[in-house]
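Written below as structure tokens is the structure these notes are about.
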């Protein structure tokens, strides 16, 4: 990095806080670019990101549409489509972050951790890099939704896209809790699915949970996807008659909950991940 020329500084590297901020941002962008390049070199992964919504939305969602929409006071199709979009963001991002185990085997992560940058910048770059595949899965979900006759306006889709980095950051932080302790890729993939799949049902992605109680209610309140999904729906249904029937919490409560859970998971997971790399 010593030979790098910094544009706009007369060839001189920025100093102090600006220099550190530049390094952190440059690291995030570099890891993001690497993940996107890897995705393009693995077309099978992108194809799966498009095919997965066919299974999740087409089969599970289609069956629910035909069997449980009678007693609802809102249209189930858009409700489910929004839920599946957020669910795919969570699932694909979490699986992408699990590839840190492969980086561990190739010593790539260990080499990055010795660089003079924050370990959080490395993890955040990995999470945002995994977001690329998650956005692809969103496209697949929208296509399946169109085939099923479910659509959202362009404005609502842009709202979801604007909130997607926050959703992906929460999903990646949750996955880091596991990656910090698991060093086997197969086990990591299974563990990630075990924490993501239950959220699809317990967070209200495809089944309303307003009347859940007991253990199910407690579990749903501990899951980041519950608050991410509710935040997205609060933006989508704002000003509509269905808002009170669909949205559970105040948007401020959702934002605070997402921030707290994401920060806790990110700090704990990154700490144990970095410690594991240093102990190799």
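The values are calculated or read from the model by the stated rules, or taken from the named source; none is laboratory data. This one's a predicted model, so the numbers in the text were calculated from it and none came from an experiment. With ideal geometry, Cβ positions are generated from the backbone for all residues, glycine too; neighbour counts draw on all protein chains shown.
Quick notes
- Scan of the range 157-175 for residues that are farther than 13 Å from residue 86 by Cα and surrounded by fewer than 24 Cβ atoms within 10 Å (Cβ to Cβ), ordered by number: 158
- Of the listed requirements (1) in contact with a helix residue (DSSP H, G or I) (Cβ under 7 Å, 6 or more places away or on another chain); (2) assigned to a helix (DSSP H, G or I); (3) surrounded by fewer than 17 Cβ atoms within 10 Å (Cβ to Cβ), residue 199 misses just one: (3).
- Checked against the criterion of being within 24 Å of residue 164 (Cα to Cα), within 28 Å of the chain's Cα centre (by Cα), crowded, with 16+ Cβ neighbours inside 10 Å and at pLDDT below 65, the candidates 46, 89 yield just one match: 46.
- When 240, 270, 262 are checked against the criterion of being modelled with pLDDT of 90 or more, part of a helix (DSSP H, G or I) and either within 25 Å of residue 136 (Cβ to Cβ) or touching a helix residue (DSSP H, G or I) at 6+ places or on another chain (Cβ under 9 Å) (or both), 262 stands alone in meeting it.
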